[in-house]
Amino acid sequence: MIKLGVNIDHVATLRNARGEGYPDVVRAAHIAKQAGADNITVHLREDRRHIRDDDVWRLKEEVNIPINLEIALEEQMVDIALQLRPHSVCFVPEKRQEITTEGGLNTAIKTDYLKKTTADLKNRGIKVSYFIEPDIHIVKQCYALGGDCIEIHTGLYAQYCNQHKELEKNKILSAIHEAVKTAKDCHLDIHAGHGLNYANVADIAAIQDITCLNIGHFLISEALFIGLSEAITRMKKSMQTAHTINNHISV
């Protein structure tokens, strides 16, 4: 069954808006786990605009659930990951001026360092993933780097869904399918995420070889109206329904 990783960055965003100790990211992680989340994803940005260092340590120590740590390819962040030893690390591009992650990792930059860092993390028992655009050439580069997993950036797909641009949406979906096929041939685990919600998740969840979706901003937003547990429960149901129906059709 397809898994759901719940990104709780924006619980920290709300907390930081007032400089208080609430809402507590650890409490959010406990609720997410109880609601069926398979992992907790957090992006420890260099500017610490939401998740902070003590958050990741508390999550590791106080919540019995796999932690997926998103970081930029920078020495300080890699050192933190090596000390923390989360279940997995996902390398993501990062710009100070961006509101949210705007695209996939450029695997052609700092290639030697990325390959070495990947090996260092794996030697510590940490699964390594790369957040990338759905491009078969980039998938092959990820395989050459020695990582375990790719996470396909679904932001453009989500944007086309929101704009009701069916032709463009179908074109990017085709690219995602091709990227998934290539990754499977390379024996890479395949995740996806960014911009997914109840309305657009089905087409992505239905892709059989995608094993996990990481979703955050929408779930935290929806939680304001129906509660975090219910928001997660509904998302998992939507994902599982799409995944199961497509599996029966494929069989």
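The values are calculated or read from the model by the stated rules, or taken from the named source; none is laboratory data. All of these numbers come straight from a predicted model, not from anything done at the bench. Ideal geometry is used to build each Cβ from the backbone, glycine not excepted, and the neighbour counts take in all protein chains shown. Ligands, DNA and RNA are excluded from the accessible area calculation, which covers all protein heavy atoms including side chains. Shrake-Rupley method; radii C 1.70, N 1.55, O 1.52, S 1.80 Å.
Inside the range 118-150, can you point out the residues that are assigned to a loop (DSSP other than H, G, I, E, B) and closer than 17 Å to LEU188 by Cα?
Result: GLY125, ILE126, GLU133, PRO134, ASP135, GLY146, GLY147, ASP148.
Among all residue pairs at least 6 apart or on different chains, which show Cβ distances below 6 Å where the first residue, located in the range 172-200, is in contact (Cβ under 8 Å) with a residue 24 or more places away in the chain and within 18 Å of ASN162 (Cβ to Cβ) and the second is small (Gly, Ala, Ser) and open to solvent by 30 Å² or more (accessible area, probe 1.4 Å)?
From residues that are in contact (Cβ under 8 Å) with a residue 24 or more places away in the chain and within 18 Å of ASN162 (Cβ to Cβ), the pairs are TYR198/SER238.
Name the pairs whose Cβ atoms lie under 9 Å apart, with the first residue in the range 101-125 and touching a residue at least 40 places away in the same chain (Cβ under 8 Å) and of a type in the set (Ser, Thr, Tyr), the second surrounded by fewer than 13 Cβ atoms within 10 Å (Cβ to Cβ) and assigned to a loop (DSSP other than H, G, I, E, B), and 6 or more positions between them or separate chains?
THR101/LYS95
Of the residues ILE80, ILE65, which is in a loop (DSSP other than H, G, I, E, B), open to solvent by less than 40 Å² (accessible area, probe 1.4 Å) and at pLDDT 95 or above?
ILE65
If HIS177 meets every condition in (1) surrounded by fewer than 20 Cβ atoms within 10 Å (Cβ to Cβ); (2) within 16 Å of LYS3 (Cα to Cα); (3) not β-branched (Val, Ile, Thr) apart from one, which number is that one?
Unmet for HIS177, out of (1) surrounded by fewer than 20 Cβ atoms within 10 Å (Cβ to Cβ); (2) within 16 Å of LYS3 (Cα to Cα); (3) not β-branched (Val, Ile, Thr): (2).
Need pairs with beta-carbon distance below 7 Å; first residue without any contact (Cβ under 8 Å) to a residue 40 or more places away in the chain and within the range 59-76, second assigned to a loop (DSSP other than H, G, I, E, B) and open to solvent by 20 Å² or more (accessible area, probe 1.4 Å); sequence gap 6+ or separate chains.
PRO66/HIS87; ILE67/HIS87; ALA72/GLU46; ALA72/GLU94; GLU74/GLU46
Of all residues in the range 1-40, which are under 16 Å from GLY193 (Cα atoms) and touching a Pro at 6+ places or on another chain (Cβ under 8 Å)?
ASP38, ASN39, ILE40
Any residue that is touching a Leu at 6+ places or on another chain (Cβ under 6 Å) and either closer than 30 Å to LYS115 by Cα or open to solvent by 80 Å² or more (accessible area, probe 1.4 Å) (or both) - is there at least one of those in the range 159-167?
Taking every residue of the range 159-167 in turn, none turns out to be touching a Leu at 6+ places or on another chain (Cβ under 6 Å) and either closer than 30 Å to LYS115 by Cα or open to solvent by 80 Å² or more (accessible area, probe 1.4 Å) (or both).
Of all residues in the range 180-229, which are small (Gly, Ala, Ser) and open to solvent by 50 Å² or more (accessible area, probe 1.4 Å)? Give the derivation first.
Going residue by residue through the range 180-229, those that are small (Gly, Ala, Ser) are 183, 192-193, 195, 199, 202, 205-206, 216, 221, 223, 227, 229.
Scanning the range 180-229 gives ALA199, SER229.
Please determine whether any residue of the range 150-168 is within 19 Å of HIS87 (Cα to Cα) and not aliphatic (A, V, I, L, M).
For the range 150-168, residues within 19 Å of HIS87 (Cα to Cα) and not aliphatic (A, V, I, L, M): present.
Please specify each residue of the range 15-57 satisfying the condition of being touching a residue at least 40 places away in the same chain (Cβ under 8 Å), part of a helix (DSSP H, G or I) and surrounded by fewer than 20 Cβ atoms within 10 Å (Cβ to Cβ).
ILE31, GLN34
Taking GLN240, is it more than 21 Å from ALA32 (Cα to Cα) and either of a type in the set (S, T, N, Q) or free of Cβ contacts under 8 Å to residues at least 12 places away in the same chain (or both)?
Taking the combined requirement at face value, the residue does not satisfy it.
Given the criterion within 30 Å of ALA144 (Cβ to Cβ) and open to solvent by 20 Å² or more (accessible area, probe 1.4 Å), identify the matching residue among ILE109, ILE71.
Criteria check complete, one pass: ILE109.
Would you check if THR154 is open to solvent by less than 10 Å² (accessible area, probe 1.4 Å), more than 22 Å from ILE204 (Cα to Cα) and of a type in the set (Val, Ile, Thr)?
no
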